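A.B. asks: This is the structure I have questions about; it appears just below.
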Amino acid sequence: MLKQRIITAAWLAPLVLAGLFSLQGGAFAFFTAAIVLLGAWEWSNLAGVQRATHRAILVVGVALLMVLLWQSGGVLSPWPLWVAAVGWLVNLYWVTRYPAALSQWGSTPRRLLMGLWVLLPCWIGFNVLRDSGSVWLLFVLLLVWVADIGAYFAGRAWGKRKLAPQVSPGKSWEGVVGGLTATLLLALVFSAWQGLSWSGGLVLLVVTFFVTLVSVLGDLLESMLKRYRKIKDSSQLLPGHGGVLDRIDSLTAAVPLFALLYTLVPNL
C-alpha cells in the first residue's frame, strides 16, 4: 500500500501543482473544473446514486452549470461564495447533530443538493484566488496541508478528547489545536514574506483561524457521508489514496471561505 501511495503521489503531485500555478484564465478554469467534476462523480455515490449512467448524467449536469457560470461571469462572482458560507453553516449543524438530524439530509436528492453548494463554490473559489495571482492560492493550499500535518502529529502525541466520535472517531480536540497552531505560524511567515502591515498581519491571523476550523469541517462532512454510506473511501480513482474527495474534502470548505474573505477584507 505504501509503495502504491508513493507511486501515485510521485506523478500526481507535480501534475496538480503545475496545473494550479502555471495555468490561467480559461485553461485554469477547465483544469480545476476537471478535478471538481471527478469529485462530483464520487459525490453522486455518496448521495446514494449507484448506476453509472445516472451518475454520469449528474456529472454532465454539474458541468453544464459550470459552463453557465463561466459564460455569465459568475466564475469570478462573490455570490456563489456567499451560498457556500450559508451552506457550510448548515453542514456544521448536520455534522454536530449526527445522527440525530439524519432525516434532514439523508435522502438522495438532498445529498445531491448538498453537493452543489459544496463543489461549485469550491471551483469558484479556486478561480477567484487564481485571478488575484498565485500567492493566496498557494497560502490556502499550504494552510490545509499544514493543518492536516499539525493535527496528525498533535493528535498522535496528545489526543484524548474526541472531536466528533459519531462522525470520525480518530479526530481529537488536541489535533485541532495542533492544526491551528501550525497554520497560525504559517500565517506569521506569510505576513513577513508579503510585507503586510501589523493590521494586515492581524487580519490574516484571524482569517487563518476561521478558515482552519472550516477546513476541519470539510473533512468531517465527507466522513459523515462515508459513514452513512458505510464506505471507507469516496472511490478508488487514486490508487493508494482513495478518491479525489478524500484528497480535497478540506479544500472544499477552506477555498470558498478564504476566497470570500479575500474579496471582503481590503488589507490582504
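A.B. asks: Radius of gyration and Dmax for region 2-264's Cα atoms, expressed in Å?
C.D. replies: Values for region 2-264 (Cα only, Rg and Dmax): 17.8, 55 Å.
A.B. asks: With only Lys, Arg, Asp and Glu charged, each at its Cβ (+1 for the first two, -1 for the last two), find how big the charge dipole of the chain is about the Cα centre; round to the nearest 20 debye.
C.D. replies: Dipole size: approximately 900 debye.
A.B. asks: Follow-up. Take Phe21 and Ser132, extend 7 Å from each Cα along the Cα→Cβ direction, and tell me the distance between the two endpoints in nm.
C.D. replies: Distance between label points: 1.8 nm.
A.B. asks: How many Lys pairs in region 2-264 lie less than 19 angstrom apart by Cα atoms, where the lysines are 8 or more positions apart or on different chains?
C.D. replies: So the count works out to 6.
A.B. asks: Which stretch or stretches of region 97-124 have amide N atoms under 14 Å from the point lying 7 Å from Ile57's Cα along the Cα→Cβ direction?
C.D. replies: 109
A.B. asks: Using the Kirkwood radius over Cα pairs, work out the Stokes-Einstein diffusion coefficient for region 85-219 at 37 °C and 0.692 mPa s, in µm²/s as a whole number.
C.D. replies: 201
A.B. asks: Using the Karplus equation 6.51 cos²θ - 1.76 cosθ + 1.60 (θ = phi - 60°), what ³J(HN,Hα) coupling, rounded to whole Hz, does each residue of region 225-241 give in order, writing x for Gly and Pro?
C.D. replies: Per-residue couplings from phi come out as 5, 5, 5, 5, 7, 6, 10, 7, 10, 5, 5, 10, 5, 10, x, x, 10 Hz.
A.B. asks: Alpha carbon centre of region 152-211 versus region 64-92: separation in Å?
C.D. replies: If we compute the Cα centre of each part, the gap is 26 Å.
A.B. asks: Ok, one more. Can you sort Trp79, Trp136 from fewest to most other Cβ atoms within 10 Å of each residue's own Cβ?
C.D. replies: Trp79, Trp136
A.B. asks: Let me ask something else about it. Ratio of region 133-203's C-alpha Rg to 2.2 N^0.38 Å, to two decimals?
C.D. replies: 1.29
A.B. asks: Here's a follow-up. Taking 0.36 nm per residue of separation and subtracting the Cα-Cα distance, what length does fully extending Leu65 through Phe209 add?
C.D. replies: My answer for the length gained is 48.7 nm.
A.B. asks: Right, something else. Would you please give the FRET efficiency between Arg227 and Leu264, computed as 1/(1 + (r/R0)^6) with r the Cβ-Cβ distance and R0 = 35 Å, to the nearest 0.05?
C.D. replies: Step by step, r from the Cβ atoms, then E = 0.55.
A.B. asks: Please give the calculated 222 nm ellipticity per residue for the chain, where each DSSP H segment of at least 4 residues contributes -39500 (n - 2.57) and the sum is spread over every residue; nearest 500 deg cm²/dmol?
C.D. replies: Theoretical 222 nm ellipticity from helices: -27000 deg cm²/dmol.
A.B. asks: I'd like the FRET efficiency for Trp82 and Gln166, computed as 1/(1 + (r/R0)^6) with the beta carbon distance as r and R0 of 25 Å, rounded to 0.05.
C.D. replies: Efficiency at R0 = 25 Å is approximately 0.25.
Computed from the coordinates by the stated procedures, all read-outs in this text should not be read as laboratory data. Just so you know, these numbers come straight off a predicted model, no measurement behind them. Heads up, the Cβs are rebuilt from the backbone with ideal geometry, glycines too, and the neighbour counts pull from every protein chain shown.
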